[in-house]
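**Q** I'd like to ask you about the structure that follows.
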Amino acid sequence: MGSPSRSHDRGAAPPREDTRNRKDRAGRRYVPPMPDGGAPGPGARRGFVTLLGVDLWERFSFYGMAAILVLYLTAAPADGGLGMAPQTATALFAAYMSLNFMAGLPGGWLADRVLGARRAVLLGGALIATGHAVLSLTSAPALYAGLALIVAGTGLTKPALAAMVAAVSGAGKREEAFSRFYMCIQFSALLAPVVTGLLAEKVAWHLGFAAAAFGMVVGLGQFGFGLRAFAEVGRRPPRPVSRAEARTAVRRASVVLAVAAAAVTAVALGVLPLTAVLALLGLPTLTLPFVYLRTLSRRTPVDGNRLSAFTAVMGASAAFWMIFAQSGSVLSLFAERHTDRAALGFDIPASWFQSVHPLFVLLLAPFVTRLRGAVTTKFAGALVAAGLSFVIMAAATVAAQDGPVSMGWLMGVYLLYSFGEIVLAPAGLALAAAVAPAGFTSRFLALNGMFAAVGVVLGGQLYRLTAVLPLSVYFLLMGTAVLAVGAAVAATARRLRPHLP
């Protein structure tokens, strides 16, 4: 066997360094760096599994909470609930959901500029666990404090997790990675409502919140044990903030936090009506994504036409989330009050219907994820599915006037929801990651969530129309409007497609 120099002279590739037993200066086993493009290597696969594990538990806490919150808010005080009117409870739920999305903007900024993705995940997860633990206390102030902690934690965790998934996936593999990620976390979405719903509805509401806290603690422990799989990914912020920027950010954050604390305190003490605060909260939610995109257009090298096409597609996606986000509120109330839930001598908890959607996702995903097409085609198809789901709900509401209806109505609606989500959600994440310039990934991924928040707030506020409109008319109007948005996306696809990656 020739020497290395002779082998090199003959045109053979230089020998590959054996890193299996290599150690760093601290004596720890060497972990190869994540690939910057192409197919993911072994380290990337281990990193993906670790990220999947923490997101599984984070989604367990999120979906467990979503399944029981509106039912808890509307339950009679004698049954341990808060006795809110359905319209108020739905608006509060929508505000909570939208703030979870909106918090991704400051959370993504902190991950990109201050903390790095790893610390953002760890700190965010700790806040989420603390928030669920506070919710397990039996007081109205604990409700608002717990929700605020969960919102702050989710804002830190979700963009950072998504950015790390994009980093370990390799160029050209992002949409596939996000699709797998999205499919796998449906196991948490399937299990969480069953566990938290059984504890909350059959034992005590606050046990359901405590179970969600336990899930997040487990997720944090799993993430901590798997950190060495990431090499340098997420260790440091990609664009560290300057001192001047840090001072400006602290001043602005202090003002926002002071106003939020004052509003929460006023509501808790009964000084301000909750409905007024929720309406005021919706105004910045509806405008902030567009304002922030305008700011990014001046600060990033993204082509103006590409950014405009991205804005148009994301704006249309808000209509999908306007329908989708009402699953945990409007559809939960329909399941509780207008659906025959008796099966085999057992009265199925209304919260368990939140598990139907992820079950369909798991069943449909192997087939739907194979569908290929342009981003505009996927978004238009998802919007049509969402619109049809509320047209079906209009028919179900008419049938419910003669008494509780079959569970089959909700099953059909969740089937359409599931198809739309599988098609739209991974495509939206991949599009945001592809459009984002270097150093802005977390914030563009947060923008994807901010447009979802626009839809969530619209849905929560529009449900208040049911105080003056029949529920069947409300469903029909909403479904028809979303169908029209889907048709508009399909009609403008030719103009948008050349500017999208």
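Each reported figure results from applying straightforward, stated rules to the coordinates on display, with no laboratory input. As the structure is a prediction and not an experimental result, all values here were calculated from the model. All Cβ positions, even for glycine, are placed from backbone atoms using ideal geometry, and neighbour counts span all protein chains on display.
**Q** Run the quick spin-label model on Val250 and Leu286: label points 7 Å from Cα toward the beta carbon, then report their separation in nm to one decimal.
**A** 3.6 nm
**Q** Determine the gain in length on full extension of the stretch Ala399-Arg294; use 0.36 nm per residue of separation and subtract their C-alpha separation, reporting nm with one decimal. Write out the running numbers ahead of the final one.
**A** Numbers: separation 105, 0.36 × 105 = 37.80 nm, distance 4.68 nm.
That works out to 33.1 nm of additional length.
**Q** Per the Kirkwood formula on distinct C-alpha pairs, the Rh of the range 114-159 is how many angstrom?
**A** On the way: mean 1/r = 0.0956 Å⁻¹.
That comes to 10.5 Å for the range 114-159.
**Q** So how much slack lies between Arg370 and Arg236, counting 0.36 nm per residue of separation and subtracting their Cα-Cα distance, in nm? Kindly include the intermediate steps, with their values, before the conclusion.
**A** Numbers: separation 134, 0.36 × 134 = 48.24 nm, distance 3.56 nm.
Additional length available on full extension: 44.7 nm.
**Q** Nearest 0.05, what FRET efficiency do Ala484 and Asp347 give at R0 = 41 Å with Cβ-Cβ as r?
**A** Working: r = 39 Å, r/R0 = 0.95.
Efficiency computed from Cβ-Cβ geometry: 0.55.
**Q** Order these peptides, 93-101, 401-409, by their mean beta-carbon neighbour count within 10 angstrom, highest first.
**A** On the way: 93-101: 26.1, 401-409: 13.2.
In descending order of packing, they fall as 93-101, 401-409.
**Q** Between the helical axis of 304-324 and the dominant principal axis of the chain, each derived from Cα atoms, what acute angle in degrees is found, rounded to the nearest 10?
**A** The two axes meet at around 40 degrees.
**Q** Here is a further query. List the longest stretch of the chain that has no exposed loop site; here a site is one of the trypsin sites (Lys or Arg not before Pro) assigned by DSSP to anything other than H, G, I, E or B, with at most 11 other Cβ within 10 Å. Present the calculation step by step, with values, prior to reporting the outcome.
**A** Details: sites that count: Arg10, Arg16, Arg20, Arg22, Arg25, Arg28, Arg370, Arg372.
Answer from the scan: 29-369.
**Q** Looking only at Cα atoms, what is the convex hull volume of the range 239-391 per residue, in Å³? Could the numbers behind the result be given before it?
**A** Numbers: hull volume 33.2 nm³, N = 153.
Considering the Cα atoms of the range 239-391, their hull volume per residue is 217 Å³.
**Q** Given a Förster distance of 51 angstrom, what is the FRET efficiency for Val114 paired with Val468, based on the Cβ-Cβ distance and rounded to 0.05? Mind showing how you got there, number by number?
**A** On the way: r = 47 Å, r/R0 = 0.92.
The computed FRET efficiency comes out at 0.60.
**Q** So, one more: Using only Cα atoms and rounding to the nearest 10 degrees, what angle (0 to 90) does helix 117-135 make with the longest principal axis of the chain?
**A** Helix 117-135 sits at roughly 20 degrees to that axis.
**Q** Next question, about the same structure. Where in the range 116-158 is the amide nitrogen less than 12 Å from a point lying 7 Å along the Cα-to-Cβ axis of Arg306?
**A** none
**Q** Which angle between 0 and 90 degrees, to the nearest 10, do you get for helix 441-462 versus the longest principal axis of the chain when only C-alpha atoms count?
**A** Helix 441-462 sits roughly 10 degrees off the main axis of the chain.
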